[in-house]
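Peer 1: Mind having a look at this structure? Questions to follow.
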Amino acid sequence: MAVPSDLIVSVSGIRGIVGAGLTAEAATRFAAAYGSTVAGKRVIVSNDGRPSGEMLRHAVTAGLLGAGCKVEDLGIAPTPTCGFAVRQLNAAGAIQITASHNPAPWNGLKMFGSDGAVLPAAAGAVIRGLYESGDFARAAWNGIGTVGVPPDVGADHIQAVLDTVSVAAVAGQRFRVFLDANGGAGGPLGVKMLTDFGCEVIAHGCEATGVFAHEPEPIPAHLVDVAPWVKQHECAIGFVLDPDSDRLALIDENGDCVSEEATLALAVKYRLRQQPGTIAINMSTSRMNQDVAAAAGCPCVRSAVGEANVVALMRETGAVLGGEGNGGVIDPRIGWVRDPFVGMAFILSLMAEERKPFSQLVAELPRYAMLKTKFTVSRERLPDAIAALEARWPEATINRDDGLRLDGPDWWLHVRGSNTEPVVRVIAETPDPERTAQLCREAGSVVTG
């Protein structure tokens with residue numbers, strides 16, 4: 001059986017529009033394929049609160065039970081809590097039902113291994129092969145799996161985060177904080193953690209209804225109505241979560257949205273004060289992190305794009321922190337998943353130490369302008385386009401781990417083909433917005449020429 005053309009499969013799992021590519025049948029089949037790799041073992045299941053999650057949770061549970069798995073149903077839970085639960089409950093893995101920041105019609109399955117990390121590409125390929133072949137592990141009538149409800153893992157997750165910082169230092173500042181969870185899974189835990197920090201919380205959309213008040217991707221264009229409330233409520237900072245709570249966006253005390261690239265850079269700055277060490281980021285993440293790490297005398301290494309790739313490099317290098325420029329922070333002490341609760345804890349701790357307005361902390365970061373563009377290029381032409389880019393900037397340092405990354409003295413350019421459509425993504429960063437735009441234009445003309 002072939003994967004439906006409108007069902008997206010990647011290193012992160014599967015995703016599609018509910019009722020079209022993503023159906024109950026597809027979810028059950030994928031869960032059965034996953035269950036076949038951990039037959040008879042404990043598997044965590046949770047969802048991000050979207051209305052379609054209820055239907056898909058039953059479908060996923062059925063597929064796992066048919067493989068004899070012992071399902072631990074967390075109900076609605078953030079993606080990082082799902083990953084945390086795998087290690088906390090000594091499970092063989094997990095399936096989180098989520099479409100991350102995609103619009104409401106979408107949903108998906110995100111699969112984890114026994115380490116609580118998103119499955120790497122090789123393991124995902126095995127599950128896809130089982131899905132297509134239908135060669136599942138099938139339990140007999142007396143070997144069907146069971147369903148249980150575990151203790152409150154969410155509270156343990158938040159306590160683990162609190163244990164990494166000084167709660168008293170933050171509590172002493174009595175911050176008033178704005179939190180917008182947009183109806184997603186992270187609202188209740190976010191409010192709990194901020195309250196435990198002694199903050200006065202102005203909560204918006206913090207009930208996990210799955211009903212979005214604005215577009216779910218937490219980028220400035222979608223926060224036009226939300227951002228001014230931070231200033232109106234006289235908050236020291238605003239935090240915004242995506243539906244499954246693995247991304248953290250920031251709003252300063254003036255009601256201005258902060259680049260999502262700053263989330264990780266601020267977390268890096270704080271973490272390296274705690275413990276110097278290696279920082280791991282992906283190829284398309286801001287150079288701010290590299291500069292912050294260098295200022296602390298620490299190395300910064302880069303992986304291919306994708307959370308699983310960042311985690312693999314963190315393990316290889318023993319990194320003390322990692323993440324991606326989409327607002328994702330990964331602390332191996334907590335788990336191998338992008339965790340906004342870690343990001344909030346570190347940023348509040350940095351504010352408490354520095355005793356400066358949040359906007360000033362952002363202004364003190366290295367200043368860069370990033371631009372993300374894409375151009376239509378056939379897959380067949382991509383190798384020639386890559387070679388032409390190398391020839392155009394012969395002085396640049398070359399990295400071919402994920403498409404092509406070119407590094408100059410104060411600029412970089414990352415060009416990679418899409419896995420799902422005939423486009424090339426061109427991302428550039430320099431200290432000047434116009435220079436960045438020009439770099440993207442030049443690269444675009446080379447790859448399409």
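Peer 1: Within segment 253-302, take every residue that is under 15 Å from the mean Cα position of the chain (by Cα) and among the polar types (S, T, N, Q) and give me the one that is farthest from TRP411 (Cα to Cα).
Peer 2: Among them, the one singled out is THR263.
Peer 1: Here's a follow-up. Would you be able to tell me the number of residues in segment 356-371 that are free of Cβ contacts under 8 Å to residues at least 60 places away in the same chain and either touching an Asp or Glu at 6+ places or on another chain (Cβ under 6 Å) or not aliphatic (A, V, I, L, M) (or both)? Can you show your working first?
Peer 2: Filtering segment 356-371 for residues free of Cβ contacts under 8 Å to residues at least 60 places away in the same chain gives 356, 360, 363-364.
Narrowing further to those that are either touching an Asp or Glu at 6+ places or on another chain (Cβ under 6 Å) or not aliphatic (A, V, I, L, M) (or both): 356, 360, 364.
Counting residues in segment 356-371 that are free of Cβ contacts under 8 Å to residues at least 60 places away in the same chain and either touching an Asp or Glu at 6+ places or on another chain (Cβ under 6 Å) or not aliphatic (A, V, I, L, M) (or both) gives 3.
Peer 1: Looking at segment 434-441, is at least one residue buried (at least 20 other Cβ atoms within 10 Å of the Cβ), outside the structural domain of ASP291 (by TED's automatic domain parsing) and more than 26 Å from the chain's Cα centre (by Cα)?
Peer 2: yes
Peer 1: Being under 18 Å from the mean Cα position of the chain (by Cα) and buried (at least 23 other Cβ atoms within 10 Å of the Cβ) narrows it down to one of ALA77, ALA67, ALA27, ALA33, so name that one. Walk me through how you get there before you give the answer.
Peer 2: Values: ALA67 fails: under 18 Å from the mean Cα position of the chain (by Cα); ALA27 fails: under 18 Å from the mean Cα position of the chain (by Cα); ALA33 fails: under 18 Å from the mean Cα position of the chain (by Cα).
Answer to the selection: ALA77.
Peer 1: Continuing with the same structure: Being in a loop (DSSP other than H, G, I, E, B), over 21 Å from ARG333 (Cα atoms) and among the small types (Gly, Ala, Ser) is the filter here; which residues of segment 97-114 pass it?
Peer 2: Filtering segment 97-114 down to residues in a loop (DSSP other than H, G, I, E, B) leaves 98-105, 113-114.
Add one more test, that the residue is over 21 Å from ARG333 (Cα atoms), and what stays is 98-105.
Listed by number, the residues that qualify are ALA99, SER100, ALA104.
Peer 1: In this structure, does PRO220 turn out to be touching a Cys at 6+ places or on another chain (Cβ under 6 Å) and farther than 17 Å from TRP106 by Cβ? Working first, answer last.
Peer 2: Working: touching a Cys at 6+ places or on another chain (Cβ under 6 Å): yes; farther than 17 Å from TRP106 by Cβ: yes.
The answer is yes for PRO220.
Peer 1: Scan segment 41-58 for residues that are over 24 Å from ASP242 (Cα atoms) and in contact with a Phe, Trp or Tyr (Cβ under 9 Å, 6 or more places away or on another chain) and report the count. If you could, list the steps in order and put the result at the bottom.
Peer 2: Taking segment 41-58 and keeping what is over 24 Å from ASP242 (Cα atoms), we get 41-43.
Filter once more, so that each one left must be in contact with a Phe, Trp or Tyr (Cβ under 9 Å, 6 or more places away or on another chain): 43.
Residues meeting the conditions: 1.
Peer 1: Could you tell me whether segment 259-273 includes any residue that is in a loop (DSSP other than H, G, I, E, B), crowded, with 24+ Cβ neighbours inside 10 Å, hydroxyl-bearing (Ser, Thr, Tyr) and at pLDDT 95 or above?
Peer 2: Within segment 259-273, the first condition is being in a loop (DSSP other than H, G, I, E, B), and the residues that meet it are 259-260.
Right, trim to crowded, with 24+ Cβ neighbours inside 10 Å and you get none.
No: zero hits.
Peer 1: Could you list all residues from segment 251-286 that are within 23 Å of ALA312 (Cβ to Cβ) and among the basic types (Lys, Arg)?
Peer 2: ARG271, the sole residue that qualifies.
Peer 1: Only one of ARG138, ARG174 is part of a loop (DSSP other than H, G, I, E, B) and within 19 Å of HIS233 (Cβ to Cβ). Can you tell me which? Talk me through it step by step, then tell me what you get.
Peer 2: Working: ARG138 fails: within 19 Å of HIS233 (Cβ to Cβ).
Testing whether each residue is part of a loop (DSSP other than H, G, I, E, B) and within 19 Å of HIS233 (Cβ to Cβ) leaves just ARG174.
Peer 1: Output the number of the condition that LEU189 fails; it satisfies all remaining conditions of (1) part of a loop (DSSP other than H, G, I, E, B); (2) at pLDDT 95 or above.
Peer 2: The single condition LEU189 does not satisfy is (1).
Peer 1: A follow-up question, please. For VAL426, are the conditions met, namely being of a type in the set (A, V, I, L, M, F, W, C), touching a helix residue (DSSP H, G or I) at 6+ places or on another chain (Cβ under 8 Å) and not assigned by TED's automatic domain parsing to the domain that holds VAL292? Give the steps one after another, and end with the answer.
Peer 2: On the way: of a type in the set (A, V, I, L, M, F, W, C): yes; touching a helix residue (DSSP H, G or I) at 6+ places or on another chain (Cβ under 8 Å): yes; not assigned by TED's automatic domain parsing to the domain that holds VAL292: yes.
Yes; evaluated as a whole, the condition is true for this residue.
Peer 1: Right, next: Output the number of residues of segment 340-380 satisfying the condition of being in contact with a helix residue (DSSP H, G or I) (Cβ under 8 Å, 6 or more places away or on another chain) and surrounded by 14 or more Cβ atoms within 10 Å (Cβ to Cβ).
Peer 2: 27
Peer 1: State which residue is farthest from CYS82 (Cα to Cα) when the search covers only segment 283-339 and only residues that are surrounded by fewer than 20 Cβ atoms within 10 Å (Cβ to Cβ) and acidic (Asp, Glu).
Peer 2: ASP291
Peer 1: Does at least one position in segment 305-319 carry a residue that is under 22 Å from VAL170 (Cβ atoms) and at pLDDT 95 or above?
Peer 2: Here is the first cut: in segment 305-319, the ones under 22 Å from VAL170 (Cβ atoms) are none.
The answer is no; no qualifying residue exists.
The values are calculated or read from the model by the stated rules, or taken from the named source; none is laboratory data. Quantities reported herein were computed from a predicted structural model and do not represent experimental measurements. Cβ atoms come from the backbone with ideal geometry, glycine included; neighbour counts cover every protein chain shown.
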